[in-house]
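Enquirer: Can you read through this structure? Questions will come right after.
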Amino acid sequence: MVLRDEQNHPFYVRDRARVNELLTCKTPAAGDLVDLARFFIRYQGFPGAYDLQEDLTKVLQSWHMSNEALNQSTRKLWMSGDALETKIEDSVGSGFDTSDRDENE
């Protein structure tokens, strides 16, 4: 038995939930393709989250796509602007909104 030193990815819990959604998706929308490609990039070479990495490959296989086909599709989506279909709450950032600040502060 080989023991692996696994690291915990800071986005694992959120990403796991989205990957679970992708596993049940039969016909991917633009946002699904973009998310899958983003996860492949995020976890490529990451020493951990092996279950999630294996599920990314399962999703790709269930959509009958290769990694290259996924990359080509997402490049086209980004060039056309259709990749922006992804959910706002899935974007990386602090989520801090300065628009609610009182101007007297």
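Enquirer: Near Lys26, within a Cβ-to-Cβ distance under 14 Å, what is the net charge of the other residues, with Lys and Arg +1 and Asp and Glu -1?
Expert: Value of the local net charge: -1.
Enquirer: Expressed as a whole number of Å, what is the distance separating the alpha-carbon centroids of region 54-84 and region 1-48?
Expert: Value for the Cα centre distance between the two parts: 13 Å.
Taken together, the values in this text are just the output of simple stated rules run on the coordinates, not laboratory data. Worth saying up front: this structure is predicted, and the values here are computed from it rather than measured. With ideal geometry, Cβ positions are generated from the backbone for all residues, glycine too; neighbour counts draw on all protein chains shown.
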